[in-house]
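Peer 1: Mind having a look at this structure? Questions to follow.
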Amino acid sequence: MVVAAFVAPYLLEATARFVLCAARIPGVRLGVITTEPVDRLSPELREALAGHWRVEDALDPQQIADAVRGLAGQLGGPVERLIGALEQLQVPLAEVRDALGIPGMTAEVARNVRDKSRMKSVLRAAGVPCARHQLVSRTEEATNFLAEVGLPLVAKPPDGAGAKATYRLDTEADFASWLGAARANPAEIWLLEEFLTGREHTFDSVTVGGETLWSSISDYQPPPLEVLRTPWVQWTVLLPRDIGGAEYDAIKQIGPAALRALGVDTAFTHMEWFERPDGSVAVSEVGARPPGAQLASMIGFSHGVDFYTLWAELVLLDRFEPPDRIFATGTAYLRGMGRGVVRTVHGVDEVQHDIGELVVDARLPRPGQPASTSYEGEGFVTVRHTDTAVVRQALDRIITGLRVELEEVL
C-alpha cells in the first residue's frame, strides 16, 4: 500500500479529475491538501479519498509540510509520495519532498524546469538549441539585450505558466510601452527572449529513471503567442496519428537530451518547441507536469487510454505501460470578439450536421456566460478519427463554421 498526498489548491474540474483517478488506483491511500473545505468536495471524491487537510495557502511549502505530517494520522502512516498537477506547485512540492525525505523530483530539478531563465541557461550549456535570453531588472539591461538580439522579442515573467503575462514586442513602440509598464514595479524581474519563428509543437513525454520511454507530439495552429495577441482568433491543437515521419526526427533526439540536461528522472513532462523555417529545432519551454488546454484528454483519446490514470500510476507507483497511438485527435478553441457575456453561438446545427459523428468531447459557450479571460476561450470541440486529414478538415470546419457572439452588459 502506497500512502500519498495530492496537493490541489482548488478542486476545479480538471484538477478534481486528476485527484479522483489517483485516489481510485488500487494499492494507494490518498489524501488531498487543498484550500477547499471538505463539504465542497463532490460525493464521489469524498468517498474515494482516505484523508483531507485544509490549508490557507496551498502554494506555501511550510503549510504543505505541516499538512503532510497531519495527514499521516488520517492515512495510517507517513506520506510516501507527494504529488500535484499544477505548474506553480512543482517547486514547493519538491522543497517539501527534500525536507521530509519523500521520493520524487528534487527542488534542484524543479527549479530547472520552473525558472525559465535558469532552464534556458542549463539547456544552452548542454548544447540544446533554444532562444537567446536574459533576465532584466534595469532599463540598461533591457536596452542592451534589444541592441544585441533585435526585434521581435518576447517578454515574460521568469516563472510564468501557460503563456500568461507574455508579450511579443514587434516594434520600438511596443518595446517602449512594455518598458514603461515594467518600470512601474522596480522590484519586478522580467525575462526577455529572442522571438522564435516557425511552426510550434509540443513534445509530451514520459521519463522513467532518466530514460524517455514514450512521447506524444502535437501541432499548434496558430502559435499560442499569436493567440494571445489576437483574443478573437479561434485556434486548434492537432495530434497527428502518425508521428514517425522525418519532420519529427530532430525533436525525438533533442527532447530527451533537454530532459537529461535538466535532470528529469521520473516524470511526465510537457515541452513546447519550434520547427524553424530552415528545418532546425529549438526548445521553447519545459514543464514537469501534465499538459493543459485539453491536451491531457486528447492524448487519452488518441491512444485509447485514460490519461489521468496513466499519469497517476506513473507519479505514484513508477508504473507506466506505453500506449499505442491509434487515432488522430484535434481540438478547436471557440473565442468571441469583444467583451461582456456570450449572446449566442452561430452555426452549431450546420457544423453538427457535417462533422457531428467525429466529436468525442465538447463544451459549447452558453448564453450569459462571461467572456473568458483565458487563451482557451469560451468553449471547445474535440474530434477524433483514424485519418489525420479528416481531423484536420473537421477542425477547419469548426473554426470557420462556429462563431461566438458576445455582447456587453450595461
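Bear in mind that the values in this text are calculations on the coordinates, not laboratory data. Being a predicted model, the structure only gives us computed values, none of them experimental. Cβ sites come from the backbone with ideal geometry, for glycine too, and all protein chains shown count toward neighbours.
Peer 1: Which distance in nm do the two modelled labels at residue 1 and residue 66 give, with both placed 7 Å along the Cα-to-Cβ direction?
Peer 2: Rounded to a tenth, the inter-label distance reads 2.8 nm.
Peer 1: Can you bin the stretch 132-194 into rounded, prolate or oblate? Criterion: square roots of the alpha carbon gyration tensor eigenvalues sorted a ≥ b ≥ c, rounded for a/c under 1.5, prolate for a/b above b/c, oblate for the rest.
Peer 2: Here the stretch 132-194 falls in the rounded category.
Peer 1: Which length gain, in nm to one decimal place, applies between residue 172 and residue 354 when the Cα-Cα distance is subtracted from 0.36 nm times their residue separation?
Peer 2: 60.9 nm
Peer 1: If contacts are Cα pairs under 8 angstrom and at least 6 residues apart, what is the relative contact order of the stretch 132-194 in percent?
Peer 2: 53 percent
Peer 1: Moving on to the next point. Just the ratio, please: alpha-carbon radius of gyration of the stretch 218-293 over 2.2 N^0.38 Å, N its number of residues.
Peer 2: Cα-based Rg divided by the globular estimate yields 1.20.
Peer 1: Evaluated at 4 °C with a viscosity of 1.567 mPa s, what Stokes-Einstein diffusion coefficient in µm²/s does the stretch 45-84 have when Rh comes from the Kirkwood expression over alpha-carbon pairs?
Peer 2: Rounded to a whole number, D works out at 120 µm²/s.
Peer 1: Multiply the residue separation of residue 344 and residue 135 by 0.36 nm, subtract the distance between their alpha-carbon atoms, and state the gained length in nm to one decimal.
Peer 2: 70.8 nm
Peer 1: For Cα pairs less than 8 Å apart in space and 6+ apart in sequence, what is the mean separation divided by the residue count of the stretch 199-407, i.e. the relative contact order in percent?
Peer 2: 22 percent
Peer 1: Continuing with the same structure: For residue 317 paired with residue 229, estimate the spin-label separation in nm (one decimal), with each label point 7 Å from Cα along the Cα-to-Cβ line.
Peer 2: 4.7 nm
Peer 1: Once you place label points 7 Å from the Cα toward the Cβ at residue 260 and residue 144, how far apart are they in nm?
Peer 2: It works out to 3.5 nm between the two label points.
Peer 1: For an R0 of 30 angstrom, estimate the FRET efficiency from the Cβ-Cβ distance between residue 362 and residue 24 and round to the nearest 0.05.
Peer 2: Efficiency computed from Cβ-Cβ geometry: 0.75.
Peer 1: Going out from 0 in 20 Å bins, what whole percent of all Cα-Cα distances in the chain drops into each bin?
Peer 2: P(r) over the chain, rounded to whole percents: 25, 58, 18, 0.
Peer 1: Can you bin every Cα-Cα distance in the stretch 1-98 into 10 Å intervals starting at zero and give me the percent of pairs per bin, rounded to whole numbers?
Peer 2: 17, 57, 25, 0
Peer 1: Let me ask something else about it. Under 8 Å for C-alpha pairs, at least 6 residues apart: give me the relative contact order for the chain, rounded to a whole percent.
Peer 2: Once normalised by length, the contact order is 13 percent.
Peer 1: Averaging over every viewing direction, what projected area does the convex hull of the Cα atoms of the stretch 261-410 cover, in nm²?
Peer 2: 11.8 nm²
Peer 1: Semi-axes, largest first, in whole Å: what does sqrt of 5 times each Cα gyration tensor eigenvalue give for the stretch 338-410?
Peer 2: Largest first, the stretch 338-410 gives 26, 12, 9 Å.
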